[in-house]
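The next block holds one structure in the form of structure tokens; read it before the comments.
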Ligand code: NAP
């Protein structure tokens, strides 16, 4: 048996259910809050009261890092999932079960708890606020999800054991999925791996799929990168290609297969928004595009990580004068990032109406394509496909470039595009599309698993 880790808010039943599961599997039960109290010789309310939450989280992180690697059922504190280091330690070679419960049930169960409040709000409001704040972290932590409202701990344990031994995907869903993948263009080794995962009975019922949803999708570097990361972090997941002209079909398949997450690419970033249950309000809704879908506890949530891929390499250029070339899907994410960095942005596009529309939507200016030389920006971002293999064109000519210009080409195939080559020759500062790819993939991995992968690790697997 793999180590079982229980995550979830207070009052979802982690301790009681954990004890029952441990007894049934004849392994030790460890509760991280109890371990903290044993190791410090103080109660958790005392640590919070005397040293504050930050100190508590440091102790918790050390306790989690020291947990045994196998033969145990582990119950974690409600806030442990927020820390990416905890998530890397808890997820390694483990099955993580997220326990959830409705608000009234949680309130009833914890009303008499001596634990200190985390906010100044009345209890039910505090629970709702904390659940909302940690929702994404809880979802990222889950290999399996179990709603404990209206169940006894022993019934919950029976259901969990059944899910661990048989998984949650029905034989008919596995059969349909196999037909989907066999009817596609997957190479033989990729198909063989899926045949093992989707067999009846499957090689391991808990191996959860992820993938890139696109049409076409087979050019994606996602499977190579993510599968290498799964091996590195000890995750029981497999990442594949979901290639089909209909995104609705891919979403339906993903739901029936209990897929953990999808990276969404051309041409589905807009259409997928109508097919998920929720769209992240902060960025995806404003950008008008979703490139990441996370499935957890029956809900599909759409996010956009492209904008962070553009933003992170440009942090030091905050407040600059920028020109954005293009007004398509990626340009929309780039405009959001540049405005977020308080830049003075002008959008130039082949079709001026689209530049005007993007500018109005994102708080930028727009202008005709041939006004680039008059603007003389500090930064130019290429969000058109010009220069993407096999195209060898550049959106700008060499004489339009100057040494104090920063050139960020979002095209990443080839790694050094004609525009980047010219910019280097002119002494410009250059940023390649690979940097965007790394940052957006890093963010995606965090949304999927709650783990913060160093950019250098991603770079290693891309090269
Ligand atoms: P898109 O929605 O199809 O938009 C393409 C944009 O480029 C449109 O504004 C289009 O102008 C313009 N364009 C197309 N062909 C052109 C040409 N021959 N001359 C001038 N402008 C042209 O595509 P997208 O999803 O935004 O992707 C754009 C590029 O971003 C991709 O090709 C890819 O290389 C890159 N990308 C990079 C990453 C990364 O991680 N680095 C991720 C995703 C995408 P019109 O409005 O006139 O059609």
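The values are calculated or read from the model by the stated rules, or taken from the named source; none is laboratory data. All values reported here derive from a predicted model rather than from experimental measurement. Heads up, the Cβs are rebuilt from the backbone with ideal geometry, glycines too, and the neighbour counts pull from every protein chain shown.
Each residue in the range 367-385 was checked for being assigned to a loop (DSSP other than H, G, I, E, B) and surrounded by fewer than 20 Cβ atoms within 10 Å (Cβ to Cβ), and 5 pass.
Checked against the criterion of being within 16 Å of the ligand (Cβ to nearest atom), over 28 Å from residue 354 (Cα atoms), in contact with a strand residue (DSSP E or B) (Cβ under 9 Å, 6 or more places away or on another chain) and outside any strand (DSSP E or B), the candidates 223, 313, 267 yield just one match: 223.
Specify the residue that is farthest from the ligand (Cβ to nearest atom); the eligible residues are those in the range 360-377 that are under 19 Å from residue 397 (Cβ atoms) and in contact with a helix residue (DSSP H, G or I) (Cβ under 9 Å, 6 or more places away or on another chain). Steps first, answer last, please.
Here is the first cut: in the range 360-377, the ones under 19 Å from residue 397 (Cβ atoms) are 367-377.
Narrowing the set further to residues that are in contact with a helix residue (DSSP H, G or I) (Cβ under 9 Å, 6 or more places away or on another chain) leaves 367-369, 372-373.
Working: 367: 14, 368: 13, 369: 8, 372: 12, 373: 17 Å.
It comes out as 373.
Exactly one residue out of 234, 222, 211 is within 16 Å of residue 461 (Cβ to Cβ), in contact (Cβ under 8 Å) with a residue 24 or more places away in the chain and buried (at least 21 other Cβ atoms within 10 Å of the Cβ): that is 222.
Away from the ligand (no atom under 16 Å from the Cβ) and without any contact (Cβ under 8 Å) to a residue 40 or more places away in the chain: which single residue out of 390, 414, 418, 403 fits that description? Please lay out each step first, then the result.
Working: 390 fails: away from the ligand (no atom under 16 Å from the Cβ); 414 fails: away from the ligand (no atom under 16 Å from the Cβ); 418 fails: away from the ligand (no atom under 16 Å from the Cβ).
On inspection, the qualifying residue turns out to be 403.
If you check 296, 283, 300, 228 for being within 19 Å of the chain's Cα centre (by Cα), in contact (Cβ under 8 Å) with a residue 60 or more places away in the chain and under 18 Å from residue 137 (Cα atoms), only one passes: 296. Annotation note: of 298, 326, 319, the sole residue that is over 15 Å from residue 431 (Cα atoms), in contact with a helix residue (DSSP H, G or I) (Cβ under 9 Å, 6 or more places away or on another chain) and more than 8 Å from the ligand (Cβ to nearest atom) is 298.
Looking across the range 329-343, just one residue is within 14 Å of the ligand (Cβ to nearest atom) and either part of a strand (DSSP E or B) or surrounded by fewer than 24 Cβ atoms within 10 Å (Cβ to Cβ) (or both), and that is 329.
Within the range 282-295, being in contact with a helix residue (DSSP H, G or I) (Cβ under 7 Å, 6 or more places away or on another chain) and within 11 Å of residue 336 (Cβ to Cβ) holds for 283, 286, 287, 288, 289.
Among the residues examined, residue 409 does not qualify as within 26 Å of residue 214 (Cβ to Cβ), within 14 Å of the ligand (Cβ to nearest atom) and over 30 Å from the mean Cα position of the chain (by Cα). Criterion applied to 213, 217, 199, 188 was being closer than 21 Å to residue 448 by Cα, out of contact with any helix residue (DSSP H, G or I) (no Cβ under 7 Å at 6 or more places or on another chain) and assigned by TED's automatic domain parsing to the domain that holds residue 293, and the one residue passing it is 217.
For residue 346, indicate whether it is surrounded by fewer than 18 Cβ atoms within 10 Å (Cβ to Cβ) and within 16 Å of the ligand (Cβ to nearest atom). I'd like the intermediate steps shown before the answer.
On the way: surrounded by fewer than 18 Cβ atoms within 10 Å (Cβ to Cβ): no; within 16 Å of the ligand (Cβ to nearest atom): yes.
When the stated conditions are applied, residue 346 does not pass them.
Quick check on residue 435: is it under 31 Å from the mean Cα position of the chain (by Cα) and either in contact (Cβ under 8 Å) with a residue 40 or more places away in the chain or part of a helix (DSSP H, G or I) (or both)?
Working: under 31 Å from the mean Cα position of the chain (by Cα): yes; either in contact (Cβ under 8 Å) with a residue 40 or more places away in the chain or part of a helix (DSSP H, G or I) (or both): yes.
The answer is yes for residue 435.
Scanning the range 316-341 for residues that are at pLDDT 95 or above and over 17 Å from residue 407 (Cβ atoms) yields 318, 319, 327, 332, 333, 335, 336, 339, 340. The selection criterion, being assigned to a strand (DSSP E or B) and over 26 Å from the mean Cα position of the chain (by Cα), holds for residue 29.
Taking the criterion of being away from the ligand (no atom under 11 Å from the Cβ), within 29 Å of the chain's Cα centre (by Cα) and outside any helix (DSSP H, G or I), would at least one residue in the range 421-432 satisfy it?
yes
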